[in-house]
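Report on the structure given below.
The values are calculated or read from the model by the stated rules, or taken from the named source; none is laboratory data. None of the values given here were measured: they were computed from a predicted structure. Virtual Cβ from ideal backbone geometry, glycine too; neighbours counted across all protein chains shown.
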Amino acid sequence: MFEIMLLHPELAPQALESIGSVELSTDVGRTLYEHYFELEVAGESLDFASVIIALEESHLKNILVSLDELARAKAEHAQEDGPQRLSGLIRVFRHRETEQERREHLAALEERRLDEQEGLALLQQLIEQERDRQGIPAPTDG
């Protein structure tokens, strides 16, 4: 996400809106996210120079420089442009979120934490989601 935002700062607001800090797997990632978010809320530019100036911690500045170098090296070989890469990344995060919800719902069904009606409704919802995911049309009556 940060590589995309560094190369395409105009996409940073969309990235911040679509992907929450809690979805990031590292403390450093969440900290960088919070800095970007604070700059966005303040109406500041989200380009590399503005972000690095706003960072006070030297280790975060070093990480941002490394990410920028990595992003530029990867950009030479990228097969998609920035908006396409961001769209794909957002889809990955949404898929992770959906899978986590599905696992939680299955656990609730297996542990019988729901009454019969809630369990049936949840099972029907899971079936519909899986059909949608696989592109299978819902059965029609008649």
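Annotations
- Residue check for Leu55: among the hydrophobic types (A, V, I, L, M, F, W, C), out of contact with any Ser or Thr (no Cβ under 6 Å at 6 or more places or on another chain) and farther than 25 Å from Ser21 by Cβ: no
- In the range 116-124 there is no residue matching the filter, namely being of a type outside the set (D, E, K, R), assigned to a helix (DSSP H, G or I) and within 21 Å of the chain's Cα centre (by Cα).
- Selection within the range 2-42 - within 19 Å of Asp81 (Cβ to Cβ) and not in a helix (DSSP H, G or I): His8, Ile19
- Cβ-Cβ distances below 8 Å connect the following pairs, each with a first residue in the range 121-133 that is under 12 Å from Leu109 (Cα atoms), a second residue that is among the charged types (D, E, K, R), and a separation of six or more residues or different chains: Leu126/Arg102.
- Within the range 97-114, considering residues that are in a helix (DSSP H, G or I) and of a type in the set (Asp, Glu), the one surrounded by the fewest Cβ atoms within 10 Å (Cβ to Cβ): Glu110
- Unmet criterion (only one of (1) closer than 23 Å to Leu16 by Cα; (2) not in a helix (DSSP H, G or I)) for Pro137: (1)
- Test for Gly20: is it at pLDDT below 95, in the same structural domain as Gln100 (by TED's automatic domain parsing) and surrounded by fewer than 16 Cβ atoms within 10 Å (Cβ to Cβ): no
- Of all residues making up the range 74-96, the number that are touching a helix residue (DSSP H, G or I) at 6+ places or on another chain (Cβ under 8 Å) and either modelled with pLDDT under 85 or surrounded by fewer than 10 Cβ atoms within 10 Å (Cβ to Cβ) (or both): 1
- Of all residues in the range 32-54 being of a type in the set (A, V, I, L, M, F, W, C) and in contact with a Leu (Cβ under 8 Å, 6 or more places away or on another chain), the one that is surrounded by the fewest Cβ atoms within 10 Å (Cβ to Cβ): Ile52
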